[in-house]
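The values are calculated or read from the model by the stated rules, or taken from the named source; none is laboratory data. Keep in mind that this is a model prediction, so the values were computed, not measured. So basically every Cβ, Gly included, is an ideal-geometry build from the backbone, and we count neighbours across all protein chains shown.
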Amino acid sequence: MIDFTLTDEQRLLEQSVREWAAGEVAPFVRENDRTHHFDRDRILGGMARLGLLGVSVPAEYGGAGMDYICLGLASEELEYVDTSLRVIMSVHAGLNCLSLLTWGTEAQKKKYLVPQAHGTKIAGYGLTEPSAGSDVRGMQSTAVRRGDRYVLNGEKSWISLADVADHFLVVAWTDPEKKRERDPSGLTAFIVERAFKGFTSGPMKEKWGILAGNTGWFKMADVEVPEENVLGRIGEGFKIAMFALDQGRYTVAAGATGLIRACRDASVKYALERKTFGVEIGQHQLVKEMIAQMESDYQSARLLWMRSGWLKNQGLRNTRETGLAKWFATVASERAAADCVQIHGANGYSDEYPAGRFYRNCKGAVIYEGTREIHKIMQADYLLGYRVDRPTRCELPPYGERLKSEV
Ligand SMILES: Cc1cc2nc3c(=O)[nH]c(=O)nc-3n(C[C@H](O)[C@H](O)[C@H](O)COP(=O)(O)OP(=O)(O)OC[C@H]3O[C@@H](n4cnc5c(N)ncnc54)[C@H](O)[C@@H]3O)c2cc1C
C-alpha cells in the first residue's frame, strides 16, 4: 500500500533543506545568475553539511542513509530556489553515487563513493558527445586495453559540473567491431578522475539557462585508466548508463516539480499585488486559469515522482514510471514558467522578477536525461509492447533491505 504521508525523517529533511536554501542561498541567486557564477563554497559546502551529497547513500559508505523519497524531497526543495542546485543532486547524488553504490566493487565504493557521500569529492556523468546525445550508440569515445590499463580517447559535451567534478562516470567503446555495428554491448563504463594525465575540461560557451550552474565539455587524450576503475563488467556500459538515468531522471522529475511550485507561488504573489481594470489581476478568470493549471501540474508531478521514489524504496523496477514522472514534470514546468512570465506581464520579461530565470532554467530539463520526444516514444513503446524492461545484473538496493543490514 502506498502511503504518501511523510515520515518524521522525511519532513525534517524537507524542512532543513527549505530553510537552508531560503536563508543561505536564495539571497544570492539573482546575482549568481546574472554573473554566471557557480558559488562553489556556499553551495557545495552547505549541501555537504546537510548530508545532501550522500543523502541516499548508506551510512556504511559515508552517506546520510536516508530513503529515496528524501532524495526526491531534497531535489524538489533545491530547485524551488534555483535549478543549478538541483543539477548537483542529479549528477552527483543521482547519476553517479547511486550507480557506484549499485555497480561498484567494494574497493571502488571505499575509494570513490565514501568521499563523494561526504562531499569532499564531487562526481559527474559523461555520456553525451558532440555527435551523440539521444543516440547514445553514436558516441565515438574509445577505450583500448594496454596491459593493466585502458587508454581512453574522446570528447564529452554538455556535461554538468565538467569544470567542478573530481571524478566522472564515463562510457566509451571497448569493442571496435561492436562500435561499427552499433551494438551497445561493446560499451563499457569507467571511473575517470580529473587528475588523470590527458584530461582537460572547459565551459560550454554562451549557455543561456542555469547560469549559476557549471556546464562544460571534457576531452580525454590518451587518458590511462587503471582496470580497477572499470565500473561493472566490460560490455555493461550501456546498461549502467541507462541505470544511472533511472536515478538522474528521478531527481529531475522532483526538481521540475519544485520549479512548478516556485512558478505557482510567484504567480500567486504577483496576482494579488498587480491591479488592472480596478481589481487585482487574480480576479480575472484567465489569470486564475493559469494559476489553477500550475496547481494541478504541481500536485500531479509530485505524486508521480513520489510513486517512483516509493518503487525505489521497495526495490521495484521503475524505469517506466520514472520516465513518465520526468517527462510530465519537465513539460509541465515549461508550461508553468511560460505562464509565470505571462502573469507578470512586461515585468516577467525582466530579471528584476524571478519568472524569466524560471523560464530559462526549465528548458534544459526538457532536453537532458531523455528529451521530451524520447520520453514520448518510450511511453508509447511500453504500451505497444515494443519495449520491455528486463532485469539487470545489479539493481538499486531497496531501502528496507539496507535498513535491515544496517541494524
Ligand atoms: C544544461 C544541460 C546539462 C546537461 N548535462 C549533461 C550531463 O551531465 N551529462 C551528459 O552526459 N549529458 C548532459 N547533457 C546532454 C543531454 O543529455 C543531451 O543534450 C540530450 O540527451 C539530447 O541530446 P542532443 O542535445 O544531442 O540532441 P539530439 O539527440 O541531437 O536531438 C535533437 C532533437 O531531435 C529529437 N530526436 C532525436 N532523436 C529522435 C527520435 N528518435 N525521434 C524523435 N525525435 C528525436 C530530440 O528530441 C531533439 O528534439 C546536458 C544538456 C544540457 C542542455
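Worth pointing out:
- Checklist (1) surrounded by 16 or more Cβ atoms within 10 Å (Cβ to Cβ); (2) modelled with pLDDT under 95 applied to W305, failing item: (2)
- Single match in G282, G278 (criterion: touching a helix residue (DSSP H, G or I) at 6+ places or on another chain (Cβ under 8 Å) and in the same structural domain as I260 (by TED's automatic domain parsing)): G282
- Flag for P226 being surrounded by fewer than 18 Cβ atoms within 10 Å (Cβ to Cβ) and within 19 Å of the chain's Cα centre (by Cα): no
- Pair list, Cβ < 6 Å and 6+ apart or interchain, from region 156-170 residues that are under 15 Å from G133 (Cβ atoms) to residues that are part of a loop (DSSP other than H, G, I, E, B) and near the ligand (Cβ under 9 Å from one of its atoms): S157/T128; S157/P130; W158/T128
- Residue under evaluation L161, criteria (1) touching a Gly at 6+ places or on another chain (Cβ under 8 Å); (2) at negative phi; (3) not assigned by TED's automatic domain parsing to the domain that holds L52, criterion not met: (2)
- Test: residue in region 74-81 that is modelled with pLDDT of 95 or more, among the small types (G, A, S) and loosely packed, with under 14 Cβ neighbours inside 10 Å: no
- Selection from region 383-399 of residues that are among the basic types (K, R) and surrounded by 10 or more Cβ atoms within 10 Å (Cβ to Cβ): R387, R393
- Region 262-273 residues that are surrounded by fewer than 15 Cβ atoms within 10 Å (Cβ to Cβ), paired with ones that are of a type outside the set (A, V, I, L, M, F, W, C) and in a helix (DSSP H, G or I) (beta carbon under 6 Å, 6 or more apart): L272/G282
- Pairs where the first residue, in region 184-213, is over 16 Å from Y150 (Cα atoms) and the second is in a loop (DSSP other than H, G, I, E, B) and of a type in the set (S, T, N, Q), C-beta under 8 Å, 6+ apart: P203/N214
- Residue match in region 72-92 (condition: within 15 Å of the ligand (Cβ to nearest atom) and farther than 30 Å from R34 by Cβ): no
- Condition met for Q116 (modelled with pLDDT of 95 or more, of a type in the set (S, T, N, Q) and more than 21 Å from the chain's Cα centre (by Cα)): no
- Matching residues in region 340-374 - criterion: being surrounded by fewer than 22 Cβ atoms within 10 Å (Cβ to Cβ), within 16 Å of the ligand (Cβ to nearest atom) and of a type in the set (D, E, K, R): R360, K363, R372, E373
- Here region 104-130 is the region considered, the condition is being surrounded by fewer than 16 Cβ atoms within 10 Å (Cβ to Cβ) and away from the ligand (no atom under 16 Å from the Cβ), and the residue that is nearest to D175 (Cα to Cα) is T105.
- Only a single criterion out of (1) surrounded by fewer than 20 Cβ atoms within 10 Å (Cβ to Cβ); (2) modelled with pLDDT of 95 or more is not satisfied by L403, namely (2).
- Only residues that are closer than 30 Å to V29 by Cα and touching a helix residue (DSSP H, G or I) at 6+ places or on another chain (Cβ under 7 Å) were counted across region 202-235, and they come to 6.
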